[in-house]
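Step one of this worksheet: look at the structure below.
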Amino acid sequence: MPPRTNKDKAMSFEQSMARLEEIAARLEHPETGLEETIALVEEGRRLVASSRKLLDEAELRIRLLENPESAPAPVAANTKDDEDGFSLI
């Protein structure tokens, strides 16, 4: 079973949780081989990381809805302050 590198990032939170449940069930299966186990663990770790990021983003959105004044100031686009495209406001 190949790891899902690019698909992990495109999954919704719910899809990631469903896939993690599938992975857990497969890992509990006594006939799962070593290589498949390693691939499943790697995929699971990526899914956990991307799910945490989605949860963090959702939490930030909720906080901004609760207190819009706490939103960070927008960064001005196309400023020439720095050659790397970064600017200080």
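Only the coordinates and a few stated rules stand behind these numbers; no lab work does. It should be emphasised that the depicted structure is a prediction, and the values quoted were computed from it without experimental measurement. Cβ sites come from the backbone with ideal geometry, for glycine too, and all protein chains shown count toward neighbours.
Which residues in the stretch 31-52 place their backbone N less than 16 Å from a point set 7 Å from the Cα of Ser12 along the Cα-to-Cβ direction? Answer for this model: 51. Packing, as the average of other Cβ atoms within 10 Å across residues, places the peptides 12-23, 39-50 in the order 39-50, 12-23, highest first.
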